[in-house]
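Chemist: Submitted below is the structure of interest, expressed as structure tokens.
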Amino acid sequence: MKTKGLIPRSWRFLKKLFLFLFIGQFCYIIILKWVNPPFTLTQLGNLVSGYGLKRDYINKEEMSRYAKLAVISSEDQLFADHKGFDWRSIEKAMEYNKRKPNRVHGASTISQQTAKNVFLWQGRSWVRKALETYFTFMIELVWGKKRILEMYLNVIEMGPGVFGIEAASQYYFHKPASQLSKVEAARIAAGLPNPKKFLAQPAGKYVTSRGFIIQRQMNNLSDDSDIQAIIQ
């Protein structure tokens, strides 16, 4: 009899726990529309690993327009057009990964990267990917593009233990992010695939070359009215 009663009680407890967690994370998403996260799991991981934590959250008005345009040009040129997912790039990445399973080719949008870096941990498990999909959908729905880009530029790692465009600007060029030039912003964006390896200053061969490509892409996107509306 005790065993029969234990199962329903456990099920009720799990349902209440799930409801509590769901409401909690939903409220957290809404709060983060206006308030920056106190920390992220990636930031804590870097701190524990000995890389330290250099971070300074700023408002989007304090970010150089070049910085905003550089990361869009480098990471997600369709940012203004999609709803969080670039399905064509995802399909191409899946086909590539099937052909070359030892090389993982990603297709994450700025929205997906923001969801991962704010709410989740680094890794490639299916559980994390499923949660990333959910949080990407939610921030697109609740935050909108301007807030997503602002959050991305505040939480993304841009150097060894360096998080956000303000900390990166101070770390590499000793100036506030509002004063970043096109060349400087492009070099920071060039290092995003592996910010612990590809430093904006002193810039190695890869960052210099990739920086030139990003600058050309910035020129190509500079007249896009949808992108301009986001980076204003």
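Chemist: Looking at (1) more than 19 Å from SER49 (Cβ to Cβ); (2) under 13 Å from the mean Cα position of the chain (by Cα), which is the only condition PHE163 fails?
Modeler: Of the numbered conditions (1) more than 19 Å from SER49 (Cβ to Cβ); (2) under 13 Å from the mean Cα position of the chain (by Cα), the odd one out for PHE163 is (1).
Chemist: At pLDDT 95 or above and either outside any loop (DSSP other than H, G, I, E, B) or not aliphatic (A, V, I, L, M) (or both), is that true of TYR57? Talk me through it step by step, then tell me what you get.
Modeler: Values: at pLDDT 95 or above: yes; either outside any loop (DSSP other than H, G, I, E, B) or not aliphatic (A, V, I, L, M) (or both): yes.
Here the answer is yes, as TYR57 does meet what is asked.
Chemist: Take LEU78 and tell me if it is over 17 Å from the mean Cα position of the chain (by Cα) and either surrounded by fewer than 18 Cβ atoms within 10 Å (Cβ to Cβ) or in a loop (DSSP other than H, G, I, E, B) (or both). Outline the logic, then answer.
Modeler: Details: over 17 Å from the mean Cα position of the chain (by Cα): no; either surrounded by fewer than 18 Cβ atoms within 10 Å (Cβ to Cβ) or in a loop (DSSP other than H, G, I, E, B) (or both): yes.
Taking the combined requirement at face value, the residue does not satisfy it.
Chemist: OK, next. Go through the residues of the range 131-151 one by one and say whether even a single one is basic (Lys, Arg), surrounded by fewer than 16 Cβ atoms within 10 Å (Cβ to Cβ) and touching a residue at least 24 places away in the same chain (Cβ under 8 Å). Quick ask: steps written out before the conclusion?
Modeler: We begin by selecting, within the range 131-151, every residue basic (Lys, Arg); these are 145-147.
Those left that are additionally surrounded by fewer than 16 Cβ atoms within 10 Å (Cβ to Cβ): 146.
Now drop any that are not touching a residue at least 24 places away in the same chain (Cβ under 8 Å), which leaves 146.
Yes - at least one qualifying residue is present in the range 131-151.
Chemist: Failed condition for VAL162, given (1) closer than 19 Å to PHE212 by Cβ; (2) crowded, with 24+ Cβ neighbours inside 10 Å, with all others met?
Modeler: Against the list (1) closer than 19 Å to PHE212 by Cβ; (2) crowded, with 24+ Cβ neighbours inside 10 Å, VAL162 comes up short only on (1).
Chemist: Which residue, of ASN36, ASN46, is in a helix (DSSP H, G or I), out of contact with any Asp or Glu (no Cβ under 6 Å at 6 or more places or on another chain) and closer than 30 Å to ASN194 by Cβ? Steps first, please.
Modeler: Values: ASN36 fails: in a helix (DSSP H, G or I).
When all the criteria are applied, what remains is ASN46.
Chemist: While we're here: Collect the residues in the range 170-188 that are in a helix (DSSP H, G or I), touching a residue at least 60 places away in the same chain (Cβ under 8 Å) and either over 18 Å from GLU75 (Cα atoms) or among the charged types (D, E, K, R) (or both), keeping them in residue-number order. So that I can check it myself, show each step before the final result.
Modeler: Going through the range 170-188, the residues in a helix (DSSP H, G or I) turn out to be 170-173, 177-179, 182-188.
When the remaining residues are screened for being touching a residue at least 60 places away in the same chain (Cβ under 8 Å), the result is 170-171, 177-179, 182, 184-186, 188.
The answer is GLN170, TYR171, ALA177, SER178, GLN179, LYS182, GLU184.
Chemist: Inspect the range 100-116 for any residue being surrounded by 18 or more Cβ atoms within 10 Å (Cβ to Cβ), of a type in the set (A, V, I, L, M) and modelled with pLDDT under 95 and give the result as yes or no.
Modeler: At the first step, the residues of the range 100-116 found to be surrounded by 18 or more Cβ atoms within 10 Å (Cβ to Cβ) are 107-116.
Adding the requirement that they be of a type in the set (A, V, I, L, M) leaves 107, 110, 115.
Checking which are modelled with pLDDT under 95 leaves us with 107.
Yes, some residue in the range 100-116 is surrounded by 18 or more Cβ atoms within 10 Å (Cβ to Cβ), of a type in the set (A, V, I, L, M) and modelled with pLDDT under 95.
Chemist: Is there a residue being within 19 Å of ASN59 (Cα to Cα), over 20 Å from the mean Cα position of the chain (by Cα) and hydroxyl-bearing (Ser, Thr, Tyr) anywhere in the range 180-191?
Modeler: Yes, because at least one residue in the range 180-191 is within 19 Å of ASN59 (Cα to Cα), over 20 Å from the mean Cα position of the chain (by Cα) and hydroxyl-bearing (Ser, Thr, Tyr).
Chemist: For the range 194-206: of the residues being closer than 19 Å to GLN43 by Cβ and without any contact (Cβ under 8 Å) to a residue 12 or more places away in the chain, which is farthest from the chain's Cα centre (by Cα)?
Modeler: LYS197
Chemist: Another one. For the range 30-40, give me the residue count where each residue is under 24 Å from LYS54 (Cα atoms), of a type outside the set (Ser, Thr, Tyr) and touching a residue at least 24 places away in the same chain (Cβ under 8 Å).
Modeler: Our first condition is that a residue be under 24 Å from LYS54 (Cα atoms); within the range 30-40, this holds for 31-40.
Filter again for of a type outside the set (Ser, Thr, Tyr), leaving 31-39.
If we keep only those that are touching a residue at least 24 places away in the same chain (Cβ under 8 Å) too, we end up with 32-33, 36-37.
Of the residues in the range 30-40, 4 are under 24 Å from LYS54 (Cα atoms), of a type outside the set (Ser, Thr, Tyr) and touching a residue at least 24 places away in the same chain (Cβ under 8 Å).
Chemist: How about the range 41-55: which of its residues are free of Cβ contacts under 8 Å to residues at least 40 places away in the same chain and within 13 Å of VAL155 (Cα to Cα)? I'd like the intermediate steps shown before the answer.
Modeler: Narrowing the range 41-55 to residues free of Cβ contacts under 8 Å to residues at least 40 places away in the same chain: 44, 48-50.
Within the range 41-55, LEU44 is the sole residue that qualifies.
The values are calculated or read from the model by the stated rules, or taken from the named source; none is laboratory data. Being a predicted model, the structure only gives us computed values, none of them experimental. In this analysis, Cβ positions are derived from the backbone assuming ideal geometry, glycine residues included, and neighbour counts consider all displayed protein chains.
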